[in-house]
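Written below as structure tokens is the structure these notes are about.
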Amino acid sequence: MDTTINVNSIEFSNDYPNQSYYLLEVTNEIVDEIKKENKSNLVIKGLPNEDAVLCTKDKTFIIKGAQTSNAILLVSKNNDKVSTLFQQHLELIETKPRLNSLHTLVESKSLKSNLEYEEQLESNSLGLSMNEILDNTQASENETLSYLSKINSFTLSNGNIIKLSDEYKMRIIDLIIAEITINSWSLEKVPIKDCIENLKSQVPKEILLQCINIYSLKADQSTTTEKEQEEDYFKFNTNLLCIDRAKQLLLLSSKGDWQYETFMENWKDSLSFDLKPTFDILRGLAIINVNKGSTQRFVKYIDQSTLSLLPKNRFKELFQLSSRWTIDTIEPYINTIIPPKTSLEQFILTYSRAISSPNGEKTIVPRV
């Protein structure tokens with residue numbers, strides 16, 4: 001019987017353990033990015049008080065430490081000496097983009113007046129460069145661009161990105177509404193060229209165009225004459241006007257929550273063109289609360305940008321605002337923090353519980 005024992009010797013390098021190495025577990029998609037000569041699509045971001053995240057072109061991953069079941073030796077390719085030993089590694093967990101800091105940054109540079117536009121344009125300080133935005137946002141480039149589009153940011157003639165403050169935007173919209181009224185233009189077909197010509201002395205052209213873009217729906221060309229079709233028209237978005245007017249009222253209220261009937265009356269009175277809005281279009285902006293022991297309804301505004309990014313804290317904050325939710329009403333306030341591959345119902349039941357109301361509708365309440 002062969003009793004020979006194979007013995008392998010291990011030699012350690014002079015700088016063992018070399019702590020400049022980290023073991024990172026990655027997907028094939030990220031391996032492919034690493035192999036590319038241009039690795040600009042892979043970026044690690046994070047301030048000292050933040051979790052580190054790895055961003056690809058279109059995804060964001062939290063970098064977390066994890067224990068390794070077996071010790072792993074890192075051996076130099078050149079001299080077979082052990083450089084270090086790993087008993088833990090880093091792993092990537094795909095997450096939703098973290099956009100609160102981006103919201104704060106863009107709002108801090110939002111444009112508030114014609115005068116500010118002229119002064120900042122002259123001093124070359126108007127807006128934010130894309131590099132400034134990406135460097136300060138824990139999100140991939142595509143996720144960042146998607147959010148900037150969602151909040152109606154736009155690219156200036158100098159190449160920078162900017163957003164109009166809500167107050168400035170609504171002052172310009174009021175001017176556009178006045179022009180529509182004075183000229184008896186149809187809301188279905190507002191002439192862009194005439195609108196700009198009439199207001200160019202009151203609002204910088206690129207700012208006016210942006211407001212038109214924000215409030216623009218495609219006009220129906222089927223009812224226009226051949227001459228009219230040679231011009232550009234836009235359909236005024238009355239639904240968006242209703243939402244923005246409601247937000248103005250909710251932010252102006254110094255007494256906190258509005259009594260529901262009072263809010264609806266003031267909301268309707270604030271609108272032009274005899275519009276009749278319904279509360280359901282404010283989903284994700286405000287909720288209706290009923291005080292315990294009362295049947296009186298109140299309207300509460302919720303600023304999503306102030307809510308915690310941590311799911312447990314987010315649910316705690318939401319239940320402080322209202323003790324009961326439906327799946328439909330809570331969804332817009334949590335959908336930005338639901339982990340990939342997790343359903344809405346799974347996520348809700350992780351941090352709360354569901355009970356059935358007398359009419360059979362599921363109600364979301366805090367865990368006991």
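The values are calculated or read from the model by the stated rules, or taken from the named source; none is laboratory data. For clarity, every value in this text was computed on a predicted model and none was experimentally measured. In this analysis, Cβ positions are derived from the backbone assuming ideal geometry, glycine residues included, and neighbour counts consider all displayed protein chains.
Farther than 21 Å from A354 by Cβ and among the polar types (S, T, N, Q): is that true of Q296 in this structure?
Against the criterion (farther than 21 Å from A354 by Cβ and among the polar types (S, T, N, Q)), Q296 qualifies.
Listed here are the residues, each with its yes/no results for (1) surrounded by 12 or more Cβ atoms within 10 Å (Cβ to Cβ); (2) out of contact with any helix residue (DSSP H, G or I) (no Cβ under 8 Å at 6 or more places or on another chain).
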site: E331; (1), (2): yes, no
site: P340; (1), (2): no, yes
site: E345; (1), (2): no, no
site: L349; (1), (2): yes, yes
site: S352; (1), (2): yes, no
site: P358; (1), (2): no, yes
site: I364; (1), (2): yes, no
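Taking K300, is it of a type in the set (K, R) and touching a Gly at 6+ places or on another chain (Cβ under 9 Å)?
So K300 fits the description; yes.
Among the acidic types (D, E), in contact (Cβ under 8 Å) with a residue 40 or more places away in the chain and surrounded by 10 or more Cβ atoms within 10 Å (Cβ to Cβ) - does that describe any residue in segment 26-47?
no
Look at R314 and say whether it is touching a Ser or Thr at 6+ places or on another chain (Cβ under 9 Å), basic (K, R), more than 30 Å from T181 (Cα to Cα) and surrounded by fewer than 13 Cβ atoms within 10 Å (Cβ to Cβ).
No.
Any residue at all in segment 6-23 that's among the aliphatic types (A, V, I, L, M) and surrounded by 10 or more Cβ atoms within 10 Å (Cβ to Cβ)?
Yes, some residue in segment 6-23 is among the aliphatic types (A, V, I, L, M) and surrounded by 10 or more Cβ atoms within 10 Å (Cβ to Cβ).
Could you list, in sequence order, the residues of segment 161-219 that are of a type in the set (F, W, Y) and in contact (Cβ under 8 Å) with a residue 12 or more places away in the chain?
Y168, Y215
Suppose we keep only residues that are free of Cβ contacts under 8 Å to residues at least 40 places away in the same chain and not β-branched (V, I, T) within segment 67-87. Which one would you say is surrounded by the most Cβ atoms within 10 Å (Cβ to Cβ)?
Here the residue is Q87.
For segment 135-191, enumerate the residues that are farther than 26 Å from N124 by Cα, assigned to a loop (DSSP other than H, G, I, E, B) and under 21 Å from the mean Cα position of the chain (by Cα).
A139, S140
Which members of segment 4-25 meet the condition of being touching a residue at least 60 places away in the same chain (Cβ under 8 Å) and either of a type in the set (F, W, Y) or part of a loop (DSSP other than H, G, I, E, B) (or both)?
I10, E11, F12, S13, D15, Y16, P17, N18, Q19, Y21, Y22, L23
Restricting segment 322-337 to residues that are modelled with pLDDT under 95 and aliphatic (A, V, I, L, M), which is farthest from G284 (Cα to Cα)?
The selected residue is I337.
Across segment 244-285, which residue is nearest to the chain's Cα centre (by Cα) among those that are hydroxyl-bearing (S, T, Y) and under 23 Å from I327 (Cβ atoms)?
Residue satisfying both the conditions and the ranking: T278.
The rows are residues; the columns are (1) among the polar types (S, T, N, Q); (2) in contact with a strand residue (DSSP E or B) (Cβ under 7 Å, 6 or more places away or on another chain); (3) part of a loop (DSSP other than H, G, I, E, B); (4) closer than 27 Å to A139 by Cβ.
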site	(1), (2), (3), (4)
R314	no, no, no, yes
Q320	yes, no, no, no
P332	no, no, no, yes
N335	yes, no, no, yes
K341	no, no, yes, yes
E345	no, no, no, yes
T350	yes, no, no, yes
I355	no, yes, no, no
V368	no, no, yes, no
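For segment 92-124, which residues satisfy the criterion of being hydrophobic (A, V, I, L, M, F, W, C) and part of a strand (DSSP E or B)?
Result: L92, I93, L111.
Which residues, taken from segment 288-311, are in contact (Cβ under 8 Å) with a residue 60 or more places away in the chain and either part of a strand (DSSP E or B) or exposed (fewer than 15 other Cβ atoms within 10 Å of the Cβ) (or both)?
Residue satisfying the conditions is S305 alone.
Residues S140, S146, S108: which one is closer than 28 Å to K341 by Cβ and exposed (fewer than 15 other Cβ atoms within 10 Å of the Cβ)?
After ruling out the rest, the residue left standing is S146.
Limited to segment 26-71, what total is found for residues that are out of contact with any strand residue (DSSP E or B) (no Cβ under 8 Å at 6 or more places or on another chain) and part of a strand (DSSP E or B)?
2
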